[in-house]
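First up is the structure itself, then whatever we jot down about it.
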Amino acid sequence: MGFISKIIEGLKKTKQSIGFKLKQLFKQGIFGEDFYDDVEAILLSADIGAETTFEIIDNLRDRMTQDRVADPDTAEKYLKEIMVEILGEEKLSFDSPCVIMVVGVNGVGKTTTIGKLANIYVKQGKSVIIAAADTFRAAAADQLEVWAKRANVRLVRHGEGSDPAAVVFDALASAKSKKTDVVLVDTAGRLHNKVNLMEELKKINRVIDREYPEADRKNLIVLDATTGQNALTQVKVFDEAVNLDGIILTKLDGTAKGGVALALSEQVPVFYVGVGERIDDLIEFDANSFVEGIL
Ligand SMILES: Nc1nc2c(ncn2[C@@H]2O[C@H](COP(=O)(O)OP(=O)(O)OP(=O)(O)O)[C@@H](O)[C@H]2O)c(=O)[nH]1
Ligand SMILES: [Mg+2]
């Protein structure tokens, strides 16, 4: 399946919840105050969030009034354009060597996403090493081992309960000596408490800065699309601990809450979306395809 058809398939439920309703509304061709109220209600119901929804509505009303838009196709085109502007066109780009630390609460799909990312970079001809820095959960490194084998990349792991920063230290040493292009760092999603988790992530972050200052750095947060607006809070909390460069939004395939990508994009750019559990179910985010997928 191609990229576009995959994202369209992944956004099917979101489209069912908002796209069809909006289409019907636009088709009526009556663009008075009721129209904007109805669009607002539909967007609010789709996890786009109040702030982003109001911004979209204000923009739409301004542009439609200014250009005296009276036909459904133009109105729909304007709405799509506004959404694409909000989502932005930024892609994840980095120089080799690069260290990508992947963070997020438990169960969102960090480990799976690391396997998928490793696969993407290997296919691009890059060398990759994975650091199993989630030493808290017993099966975490085993799970990562399976993904590393699938993607055919090296893995650095220590025993359960060992210091995650030490795992990262070893992975960096190996990457430096072998001139590896990308180091992917898997982290724990849960510790005894949230303060511990944030302190651990800060420590790993410091170790990377100190041990490999010449490497490019990216901190990515993985968010589960099915959590909807809750994802915004997660971005805030993790961004305070370690500066976030981007978002990977997983499990779009199982949810009608894909609209949350719009609210998230206003905070931090979305670089990839997960649309399934298989190794090639991670797609580079593209604003135009996304908007076509939901409307
Ligand atoms: N449908 C679907 N499932 C996904 C996607 N990404 C991950 N999953 C599933 O989500 C579950 C949790 O994934 P993990 O990769 O273990 O999540 P994690 O964030 O590493 O979890 P912890 O290590 O416990 O914090 C697994 O069953 C994955 O197969 C996706 O894009 N779509
Ligand atoms: Mg994990």
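Laboratory data are not the source of any read-out in this text; all were calculated from the coordinates shown. Because the structure is a prediction, the values reported are computed rather than measured. Neighbour counts run over all protein chains shown; Cβ positions are idealised from the backbone, glycine included.
What is the number of the single condition among (1) more than 16 Å from ligand 1 (Cβ to nearest atom); (2) more than 24 Å from TYR212 (Cα to Cα) that ASP181 does not meet?
(2)
How many residues are within 10 Å of the chain's Cα centre (by Cα) and either small (Gly, Ala, Ser) or within 16 Å of ligand 2 (Cβ to nearest atom) (or both) if we restrict to region 252-275?
Residues flagged as within 10 Å of the chain's Cα centre (by Cα) and either small (Gly, Ala, Ser) or within 16 Å of ligand 2 (Cβ to nearest atom) (or both) within region 252-275 amount to 3.
Looking at region 186-201, which of its residues are within 12 Å of ligand 1 (Cβ to nearest atom) and not polar (S, T, N, Q)?
Selection gives ASP186, ALA188, GLY189, ARG190, LEU191, LEU197.
If you take just the strands (runs of 3 or more DSSP E) that sit entirely in region 232-295, which of them hold at least 1 residues that are small (Gly, Ala, Ser) and over 19 Å from SER17 (Cα atoms)?
In region 232-295, the matching strands (runs of 3 or more DSSP E) lie at 246-250, 270-274.
Can you tell me which residues in region 140-150 are out of contact with any strand residue (DSSP E or B) (no Cβ under 7 Å at 6 or more places or on another chain) and more than 9 Å from ligand 1 (Cβ to nearest atom)?
Passing the criteria: ASP142, VAL146, LYS149, ARG150.
Criterion first (within 23 Å of the chain's Cα centre (by Cα), within 16 Å of ligand 1 (Cβ to nearest atom), of a type in the set (A, V, I, L, M, F, W, C) and closer than 27 Å to ILE18 by Cα) does VAL108 satisfy it?
yes
Tell me the helices (runs of 4 or more DSSP H) entirely within region 19-69 that contain at least 3 residues that are under 14 Å from LYS80 (Cα atoms).
20-28, 50-66
Within region 87-101, is there a residue that is in contact with a Lys or Arg (Cβ under 6 Å, 6 or more places away or on another chain), within 16 Å of ligand 1 (Cβ to nearest atom) and within 29 Å of GLY276 (Cα to Cα)?
Within region 87-101, one or more residues are in contact with a Lys or Arg (Cβ under 6 Å, 6 or more places away or on another chain), within 16 Å of ligand 1 (Cβ to nearest atom) and within 29 Å of GLY276 (Cα to Cα).
Which one is farthest from ligand 2 (Cβ to nearest atom), of the residues in region 203-231 that are in contact with a helix residue (DSSP H, G or I) (Cβ under 7 Å, 6 or more places away or on another chain) and part of a helix (DSSP H, G or I)?
For region 203-231, the residue satisfying everything is GLU211.
So, in region 266-279, how many residues would count as being under 17 Å from LEU11 (Cα atoms) and away from ligand 1 (no atom under 11 Å from the Cβ)?
Result for region 266-279: 2.
In region 122-139, what residues are within 13 Å of ligand 1 (Cβ to nearest atom) and either under 19 Å from PHE169 (Cβ atoms) or touching a Cys at 6+ places or on another chain (Cβ under 6 Å) (or both)?
If the condition is that a residue be within 13 Å of ligand 1 (Cβ to nearest atom) and either under 19 Å from PHE169 (Cβ atoms) or touching a Cys at 6+ places or on another chain (Cβ under 6 Å) (or both), then ILE130, ALA132, ALA133, ASP134, THR135, PHE136 are the ones that fit.
Which one of these does GLY49 not meet: (1) at positive phi; (2) touching a Phe, Trp or Tyr at 6+ places or on another chain (Cβ under 7 Å)?
(2)
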